[in-house]
Amino acid sequence: MSAAAIPESVSPSRLVWRRFRRHHLAVASLVLLTLLALAALAAPLIERALGLDAEAVNLFGRFAPASADHWLGTDELGRDVLLRLLYGGRVSLFVGLVAALAAASIGTVVGLVAGYIGGRFDAVLMRLADGVLSLPMLPLLIVLAALDPVKLGLPDAIAQSESLSLYRIIFIIALVGWTTTARLVRGATLSLRERAFVEAAVAQGASSLRIMARHILPNAISPILVATTLSVGNVILLESVLSFLGLGIQPPVASWGAMLTNAQEMIWEQPLLAIYPGLLIFLTVIAFNFLGDGLQDAFDPRSTVPGRGGSL
Amino acid sequence: MQAYIIRRLIQGLGVLLVMSFVIYGLIGLMPGDPIDMMIQADPNLSTADAARLRALHGLDRPIVERYWTWLGAALAGDFGYSRQFARPVLDVLLPRLGNTLLLMGVSFVLAIAIALPLGVAAARRPRSLADQAINLLCFAGISVPAFWLALLLIMLFAVTLGVLPAGGMAPAGMQNPGLLDRLPYLVLPVLTLTLASVAGLTRFLRASLIEAMREDYIRTARAKGAGETRVLWRHGLRNALIPVVTVMALDFGTLFSGALITETMFAYAGMGKLIYDAIMNNDYNLALVGLLFATLVTLTANLAADILYARLDPRISYR
């Protein structure tokens with residue numbers, strides 16, 4: 001039979017893209033996130049183009065309103081708000097993406113191993129995941145974020161480093177964030193390992209590692225992708241809270257959450273300073289949530305509620 | 001069932017014990033130690049004095065040994081003194097626990113009262129305009145940082161409109177304020193915490209109800225001539241609520257994290273703020289016991305969820 005006889009042949013990935021496009025909010029979110037990421041990446045270029053310095057303190061130009069020079073005005077030290085937001089976006093987006101990916105990687109490995117090997121190993125890992133989930137997370141994260149790097153036995157070069165707070169927060173979030181993915185992947189693995197193609201691979205003498213990596217993981221990738229996208233939003237929220245409480249990203253690197261710490265004391269003088277960073281956190285997080293929602297619909301059309309036919 | 005509850009209680013105690021050791025160890029790794037602070041407070045302290053104090057408080061012994069000492073005292077009901085308040089830890093903690101439970105309880109009830117009609121309205125006609133509007137609100141609700149929401153509410157109601165206090169517990173200088181005096185101070189914290197938890201609850205309720213409305217017993221109910229309202233509320237919702245109850249109880253842990261943020265934002269004298277302040281001010285005894293209390297509250301809520309689950313759904317049996 002020639003290909004022409006089939007009216008329309010569509011590859012699975014095209015089908016996913018097609019279904020994704022129908023989710024207008026998800027598409028809009030993708031555009032918004034791309035623009036935000038590009039603007040954050042281009043922060044040094046924009047800085048040069050505007051002829052400003054993001055760190056430059058100008059005490060005579062404090063709380064300046066929006067103008068041609070300072071598009072969003074200046075903050076309590078006379079620094080340009082737009083540039084600080086863009087640099088803050090770099091930090092928030094970087095932490096969100098890297099921490100979510102790290103958590104997803106740990107969760108994927110744990111879930112695969114627990115689901116494939118099973119037995120006592122599985123029981124212990126899942127009990128651990130349950131335990132982590134049932135803890136009062138924020139207070140514990142605050143403790144973890146407040147630990148003294150010197151007492152942890154870290155070498156001075158790391159303990160004194162300026163970007164320590166950045167990596168510490170990524171590490172902490174990954175440490176507690178892996179459980180969702182782990183459960184998800186474990187569930188998928190449990191059902192996938194009973195499938196015929198896995199049996200065939202076992203019969204051919206494939207090693208466990210190969211089966212997990214080549215046969216099970218690719219089939220479980222879409223829920224992982226959805227969960228990871230959704231978790232980026234959560235991570236950004238978590239980072240912003242910790243930074244806001246003064247335990248996340250330390251100055252002079254300012255994430256959006258950290259910018260709000262200062263803004264909180266200025267709400268009488270300059271309320272807009274408290275609006276911008278929060279609005280950006282909100283928009284970024286909601287965009288990642290819409291994106292995850294759209295991906296879920298696109299990957300698994302059955303999971304959505306039927307538009308018609310339901311006689312509710 | 002009884003055997004199950006007893007087993008869970010023993011497990012819970014085990015978790016609490018493990019957590020107490022982990023937190024004890026972590027707190028030892030936080031910057032500064034009590035003796036350093038005494039040296040700072042009293043410049044006349046010599047090195048020999050410091051070493052003597054260290055030995056007196058047992059700080060020169062290995063951490064496991066110190067933990068055993070602490071555990072022994074704690075089991076006898078002695079949780080030590082709070083450095084900030086110079087009072088026994090429990091005396092500081094218990095009144096705050098009441099404040100937090102009041103905040104959490106009111107928000108919890110309000111969140112359910114809002115989520116229930118919203119979830120039902122959304123699930124009644126999936127993909128309808130109402131459903132989409134509610135869905136959008138829910139997405140906004142789960143995406144908004146709680147502390148920013150608190151900030152916005154303070155800006156609107158305390159700064160711009162000036163109708164509610166920006167924070168605190170009661171009018172300044174008032175002794176033993178009654179609930180009525182405290183009411184204006186409760187509005188914004190409760191509102192923040194409610195808004196933060198209502199979205200997730202609504203989404204879950206909607207999904208669960210839509211799922212339930214596809215079941216065979218719904219068709220049976222319709223076939224025997226039950227009206228649509230009766231089908232929805234009596235047959236659909238009652239079954240849909242079973243998983244929702246579990247999620248609500250599990251959410252108590254999340255609610256506690258929310259309470260920490262809310263209390264800190266509004267200077268509300270609750271457990272969450274107490275724990276935060278204790279950690280930030282190196283009040284080790286208080287931080288440790290506070291964190292354990294928070295864990296205890298969450299574990300209890302989890303157990304309550306599982307017991308309720310079995311009560312509500314006769315198909316579930318625990319062994």
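Quick rundown of the values:
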{"quantity": "Pair A:Val10, B:Ala3: separation of 7 Å Cα→Cβ label points (nm)", "calculated": "5.5"}
{"quantity": "Heavy-atom accessible area ranking, 1.4 Å probe, most first, across B:Phe293, B:Phe204, B:Phe266", "calculated": "B:Phe204, B:Phe293, B:Phe266"}
{"quantity": "Pairwise centroid distance, computed over Cα atoms, of region B:189-229 with region B:113-169, Å", "calculated": "19"}
{"quantity": "Percentage of interatomic Cα-Cα distances in the protein assembly as shown larger than 43 Å", "calculated": "28"}
{"quantity": "Average beta carbon contacts from partner chains per residue of B:271-280, 10 Å cutoff", "calculated": "3"}
{"quantity": "Relative packing of peptides B:237-245, A:138-146, B:223-231 - highest average C-beta neighbours within 10 Å first", "calculated": "A:138-146, B:237-245, B:223-231"}
{"quantity": "Over chain B, relative contact order from alpha-carbon pairs under 8 Å, at least 6 apart, %", "calculated": "25"}
{"quantity": "Cα long-axis angle, helix A:164-192 against chain A (0 to 90 degrees, to the nearest 10)", "calculated": "20"}
{"quantity": "Mean accessible surface per residue for chain B, computed with a 1.4 Å probe while every protein chain stays in place, in Å²", "calculated": "49"}
{"quantity": "Heavy atoms of B:Leu59: accessible area, 1.4 Å probe, square angstrom to 10", "calculated": "50"}
{"quantity": "Label-to-label distance, nm, for residues given as B:Ala121 and B:Asp91 (7 Å Cα→Cβ offset)", "calculated": "5.1"}
{"quantity": "Accessible-area composition of the protein assembly as shown, carbon plus sulfur, in percent [1.4 Å probe]", "calculated": "64"}
{"quantity": "Tensor-based shape of chain A (alpha-carbon gyration tensor, a/c under 1.5 rounded, otherwise prolate or oblate)", "calculated": "oblate"}
{"quantity": "Ranking by accessible area, most exposed first, for A:His24, B:His57, A:His70 with a 1.4 Å probe", "calculated": "A:His24, B:His57, A:His70"}
{"quantity": "Interchain or long-range residues, amide H under 5 Å from A:Gly248's placed H", "calculated": "A:Ser243"}
{"quantity": "Förster radius 41 Å - calculated FRET efficiency between A:Asn262 and B:Leu45, Cβ distance, rounded to 0.05", "calculated": "0.65"}
{"quantity": "Theoretical ellipticity at 222 nm over chain A - DSSP helices of four or more residues, -39500 (n - 2.57) apiece, nearest 500", "calculated": "-21500 deg cm²/dmol"}
{"quantity": "Nearest-ten-degree value, helix B:89-124 long axis tilted from longest Cα axis of chain B", "calculated": "20"}
{"quantity": "Expected 222 nm ellipticity per residue - DSSP helices of 4 or more, -39500 (n - 2.57), all of chain B, to 500", "calculated": "-24500 deg cm²/dmol"}
{"quantity": "Helix axis angle, A:81-117 relative to chain A longest principal axis, alpha carbon, degrees", "calculated": "20"}
{"quantity": "Vicinal HN-Hα couplings computed from phi for region B:8-15 (Karplus, 6.51 cos²θ - 1.76 cosθ + 1.60; Hz; Gly/Pro x)", "calculated": "5, 4, 5, 4, x, 4, x, 4"}
{"quantity": "Dimensions (Å) - region B:42-132, Cα atoms, principal axes, largest first", "calculated": "76, 33, 26"}
{"quantity": "Chain pair B, A: total accessible area buried, heavy atoms, 1.4 Å probe, Å²", "calculated": "4200"}
{"quantity": "Contour minus Cα-Cα distance for A:Leu164 and A:Glu76 (0.36 nm per residue)", "calculated": "29.1 nm"}
{"quantity": "Solvent-accessible area of A:Val202 with every protein chain in place, 1.4 Å probe, in Å² to the nearest 10", "calculated": "80"}
{"quantity": "Gyration tensor verdict on region A:122-179 (Cα atoms; rounded if a/c is under 1.5, prolate if a/b is larger than b/c, oblate otherwise)", "calculated": "prolate"}
{"quantity": "Where chain A is the region considered: accessible area per residue in Å², 1.4 Å probe", "calculated": "50"}
{"quantity": "Largest-first ordering by accessible area, 1.4 Å probe, given options B:Ser46, A:Ser9", "calculated": "A:Ser9, B:Ser46"}
{"quantity": "Accessible-area value, B:Met155, 1.4 Å probe, nucleic acids and ligands omitted, Å²", "calculated": "20"}
{"quantity": "Amide proton proximity set for B:Ser82, modelled H, under 5 Å, gap of 5+", "calculated": "B:Arg87, B:Val89"}
{"quantity": "Separation in nanometres of the label points that stand 7 Å from Cα toward Cβ, at A:Arg22 and A:Ala213", "calculated": "3.8"}
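The values are calculated or read from the model by the stated rules, or taken from the named source; none is laboratory data. Predicted, not measured: the structure shown is a model, and the values here were computed from it. All Cβ positions, even for glycine, are placed from backbone atoms using ideal geometry, and neighbour counts span all protein chains on display. Note: areas computed on protein heavy atoms with side chains; ligands, DNA, RNA excluded. Shrake-Rupley method; radii C 1.70, N 1.55, O 1.52, S 1.80 Å.
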